[in-house]
C-alpha cells in the first residue's frame with residue numbers, strides 16, 4: 001500500500017532522509033520511530049506530497065507521489081505534527097469545508113460530521129469558532145478532517161498531541177478497527193509504549209536511515225533488550241535514562 005524507492009531529501013549539505021526503501025502492507029499499523037531530527041516528519045511530508053524528494057520516489061495506494069500527486073491526496077488522510085486551521089471558522093464549518101474539498105455529498109458529509117463531533121465530545125461546541133477551541137479540541141478537529149472522506153491510507157504524525165486520556169483511548173480503538181478494515185496506517189510518535197501496543201510492525205530511523213525494522217518484540221530481541229523503549233535507546237545512542245536523571249539532579253544540587 002505504501003512503498004518507497006531510494007527516497008532521499010537533502011537540504012544544502014544535510015541529508016535529512018537517505019535513500020529510504022520500505023514497504024507498508026495493506027491493513028498494517030506501521031510505527032515509524034526516531035529521535036528528534038531523524039527524518040520522520042520529512043519522510044511523511046514527502047509521502048503526502050507536501051515537499052518533493054531530492055531523489056527517488058514512492059507509491060501510495062498504487063499511485064506515484066511524483067506522477068500522480070492529486071490521486072495520492074485523494075486517498076490519504078493526514079494528521080500533521082502541528083496543523084494549521086482556519087480559526088475564524090466554526091468546528092462544523094471547517095469539517096464541512098474539508099468534506100467539500102473531497103467532493104462528499106452534503107447529506108453524507110453532515111452525517112459524518114455529526115458522528116465525529118459526537119464521538120469526540122464536541123457536539124455542544126460545533127458552533128464555536130476554532131480560535132476559541134483548546135489545543136486538544138483542535139486536535140480532535142484535525143483527526144476528524146483526516147478521516148471524514150474515509151481514506152484507505154492514514155498518515156499520523158504525533159496524532160495524540162493534546163488529547164485527553166478518554167479521547168486518546170477512543171482514537172487508539174479506532175485505529176485497530178481501521179486496521180481490521182484493511183486500512184493502512186503510517187504512525188509516528190514519541191510515545192513508545194503506545195507504539196509498542198498498537199503497531200503491528202515498526203521501523204526506527206536515525207540520521208535519515210532505517211536502523212531497525214520488525215515487530216517490537218523482534219527489535220527488542222535483536223538488541224538484547226527487554227522492551228522497545230530500551231532497544232530504541234540503545235539503537236539511537238540516547239544516554240541511559242537513569243544516568244541522565246541522576247546527572248540532572250546532581251546539577252540542581254550543585
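Quick notes
- When residue 203 is tested against (1) modelled with pLDDT of 95 or more; (2) under 18 Å from residue 83 (Cα atoms), just one condition goes unmet, and that condition is (2).
- Residue match in the stretch 151-161 (condition: surrounded by fewer than 16 Cβ atoms within 10 Å (Cβ to Cβ) and farther than 17 Å from residue 28 by Cα): no
- Residue 34 vs. criteria buried (at least 22 other Cβ atoms within 10 Å of the Cβ), under 16 Å from residue 204 (Cβ atoms) and touching a helix residue (DSSP H, G or I) at 6+ places or on another chain (Cβ under 7 Å): yes
- For the stretch 78-92, the set of residues classified as at pLDDT 95 or above and farther than 26 Å from residue 124 by Cβ consists of 78 only.
- Of all residues in the stretch 8-31, those satisfying the criterion of being in contact with a helix residue (DSSP H, G or I) (Cβ under 6 Å, 6 or more places away or on another chain) and part of a strand (DSSP E or B) are 9, 16, 17, 29, 31.
- Residue in the stretch 125-135 that is in contact (Cβ under 8 Å) with a residue 12 or more places away in the chain, under 21 Å from residue 80 (Cβ atoms), part of a loop (DSSP other than H, G, I, E, B) and over 18 Å from the mean Cα position of the chain (by Cα) present: yes
- Qualifying residue in the stretch 104-116 (condition: within 20 Å of residue 135 (Cα to Cα) and either in contact (Cβ under 8 Å) with a residue 60 or more places away in the chain or in a helix (DSSP H, G or I) (or both)): yes
- Being touching a strand residue (DSSP E or B) at 6+ places or on another chain (Cβ under 6 Å) and buried (at least 16 other Cβ atoms within 10 Å of the Cβ) holds for only one residue in 141, 198, 205, and it is 198.
- Only a single item in (1) at pLDDT below 90; (2) at negative phi; (3) out of contact with any strand residue (DSSP E or B) (no Cβ under 9 Å at 6 or more places or on another chain) is not met by residue 162, and it is number (2).
Matching residues to (1) within 22 Å of residue 163 (Cβ to Cβ); (2) out of contact with any strand residue (DSSP E or B) (no Cβ under 8 Å at 6 or more places or on another chain); (3) at pLDDT below 95:
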position	(1), (2), (3)
76	yes, no, no
94	yes, yes, no
104	no, yes, no
109	no, yes, no
113	yes, yes, no
119	yes, yes, yes
123	yes, yes, no
129	yes, no, no
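- Out of 43, 88, sole residue that is part of a loop (DSSP other than H, G, I, E, B) and touching a residue at least 12 places away in the same chain (Cβ under 8 Å): 88
- Where a residue in the stretch 171-196 is without any contact (Cβ under 8 Å) to a residue 24 or more places away in the chain and at negative phi and its partner, wherever it lies, is assigned to a loop (DSSP other than H, G, I, E, B) and surrounded by fewer than 16 Cβ atoms within 10 Å (Cβ to Cβ), with Cβ under 6 Å and at least six apart: none
- Among the residues of the stretch 196-216, those that are more than 12 Å from residue 232 (Cα to Cα) and assigned to a helix (DSSP H, G or I) comprise 197, 198.
- Among the residues of the stretch 64-80, those that are in contact with a helix residue (DSSP H, G or I) (Cβ under 6 Å, 6 or more places away or on another chain) and either in contact (Cβ under 8 Å) with a residue 24 or more places away in the chain or part of a helix (DSSP H, G or I) (or both) comprise 77, 78, 79.
The values are calculated or read from the model by the stated rules, or taken from the named source; none is laboratory data. This one's a predicted model, so the numbers in the text were calculated from it and none came from an experiment. Using ideal geometry, Cβ is built from the backbone for each residue, glycine included, and neighbour counts are taken over all protein chains shown.
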